[in-house]
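The values are calculated or read from the model by the stated rules, or taken from the named source; none is laboratory data. All values reported here derive from a predicted model rather than from experimental measurement. A quick note on method: Cβ atoms are made from the backbone with ideal geometry, for glycine too, and the neighbour counts reach across all protein chains shown. Just the protein is used for accessible areas: all its heavy atoms, side chains included, with ligands, DNA and RNA removed. Shrake-Rupley method; radii C 1.70, N 1.55, O 1.52, S 1.80 Å.
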Amino acid sequence: MIALKLFILIVVIHLSCSVTNEYRTYENYKLFEVHGERSTLEELIDFMTEKYEIPYHQVRDQKATVLISPELTTIFQNLAEFENLSYNVVVNDYSRILDAERNSLVRSKQSFSWTAYYDIDDIYDYLHNTSDANPDWAEEIVAGKSYEGREIRGIRINTPGDVNKPVFFIESGIHAREWITPATTTYFINQLLTSSDPKITALRDQFDWRIFPTVNPDGYHHSFTVDRFWRKTRSRSPNGCYGADPNRNWDYNWLEYGASNQPCNYQTYAGARPFSEIETSSLSSYVSQIENLLAYVAFHSDAQMLLLPYSDSVEHIDNYDDLVTIGKVSLGHGKEVNGEKYEGPATAAEILYKVSGGSMDWVRNALGTPLVYTYELRGRYFHWPANRISEQGEEVTQMMVGLAAEAKNLGYY
């Protein structure tokens, strides 16, 4: 195995520090499913991601899913065969999926809807316009600036009433390529502001909402204009590589699990130090200043599960059982919409993989926030058809209804 790896290192050009700003088509990129022992699959993925740019990979149970460039296809197959791993190609040319997705962007230039995906400026225009349309309830809020100077904008929804309402914070879009999360978050904002359903209006009125659809605006814009699989921020390291994973950069067990210390790592570079990224530093400062913070919910995709703190441990926090109870009710409400079952609630270490340095864990550890969750929404390979955004938007809305209802039943507010 060592000889084979050395040969590969010689014949393949390292791609991780590519700085091109031309749109990446992903033409002839193949999506492989590889089957075998989990430890062997993880070794294979670790080797590939350490040396090369792998836009997408996932290991679940005895199966790995990996997106491989044309230049690396033969090498990847040779490695898999050398390890006696079986594999098959599930997508022969990923560019066809992206072409269909981009066609929906062309059709989205009329009014904001939930049948298309939008770039960051369009999302910010939506927040501005919907705040203007509801001046007694809503206002734009800013949690700092990004590396490239964009504001991290959100919306505060707080109907007249109790001046000391518990605060419900929603973080979305921290990983740039997870487009379904800003889309469902804006859907949820629209439901809070326009729905006449008594359960939703009650949900709206019970909390002081702080909702941020895209807390990584530079990365999100880059995923729209250059690289659909971009995940990180857009800061530049001294060696010329770009970005850090903003959900590995928080000051909780930083760099201990599920992260890389290599700036050119395409996926999980944790940054030069905790809060090295201006996005995480400013967002954590903003959250720290919120009084009466009851709930912090993060939206990700696409593992279809509900995660609890702490993500790098199988030990349970003091109100773990309550979080499980509330989470199950939340997921039950979501299932009633489309019949979709989510895994969990549990820690990532229990049902996914160990990871540290994430926002949810820092919020729980540093601020002691009682209700902290990460919802991994649905999808495949970070793709979800634009004309089906409302499916997940309605699921998320009902999940929040269930979460709030059961939290109240258990006396959290």
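Summary of values
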item	result
In order through segment 291-307: 3J(HN,Hα) via Karplus (6.51 cos²θ - 1.76 cosθ + 1.60), integer Hz, x for Gly, Pro	8, 6, 6, 9, 9, 10, 10, 10, 10, 10, 8, 9, 8, 6, 7, 10, 10
Sparse-neighbourhood loop sites, trypsin sites (Lys or Arg not before Pro) in segment 302-381 - DSSP loop, at most 11 other Cβ within 10 angstrom	LYS341
Cα long-axis angle, helix 180-194 against the chain (0 to 90 degrees, to the nearest 10)	10 degrees
Estimated 222 nm signal from helices in the chain, with DSSP H stretches of n ≥ 4 weighted -39500 (n - 2.57), rounded to 500	-11500 deg cm²/dmol
Per residue convex hull volume, Cα atoms of the chain, in Å³	134 Å³
Estimated dipole of segment 310-366 in Debye, rounded to 20 [Cβ of Lys and Arg +1, of Asp and Glu -1, Cα centre]	160 debye
Candidate residues ASP162, ASP122: accessible-area rank, largest first, probe 1.4 Å	ASP162, ASP122
Efficiency of FRET between ASN292 and GLU140 - r from beta-carbon atoms, R0 22 angstrom, step 0.05	0.55
The chain - charge dipole about Cα centre, Lys and Arg +1 at Cβ, Asp and Glu -1, debye rounded to 20	480 debye
Reciprocal mean inverse distance between Cα atoms of segment 34-153 - Kirkwood radius, Å	18.3 Å
Sparse-neighbour loop sites [trypsin sites (Lys or Arg not before Pro); segment 99-151; at most 15 other C-beta within 10 Å; DSSP]	ARG107, LYS109
Gained length - THR115 relative to ASN338, 0.36 nm times residue gap less alpha-carbon distance	78.5 nm
Taking the C-alpha atoms of segment 281-413, convex hull volume expressed per residue in Å³	115 Å³
Evaluated at q = 0.17, 0.18, 0.20 Å⁻¹: base-10 log I(q)/I(0), Debye formula over Cα of segment 141-274	-0.92, -0.98, -1.11
Contact order relative to length of segment 69-140, as percent, for alpha carbon pairs under 8 angstrom and 6 or more apart	13 percent
Percent RCO, i.e. relative contact order, over segment 247-325, from Cα pairs under 8 Å lying at least 6 residues apart	21 percent
Dipole of the chain, positive direction: furthest Cα of ASN84, LEU67, HIS300, with charges on the beta-carbon	LEU67
List VAL91, VAL297, ordered by accessible area with a 1.4 Å probe, largest first	VAL91, VAL297
Selected from SER95, ASN216, THR186, residue furthest toward positive end of dipole (segment 91-221; charges at beta carbon)	SER95
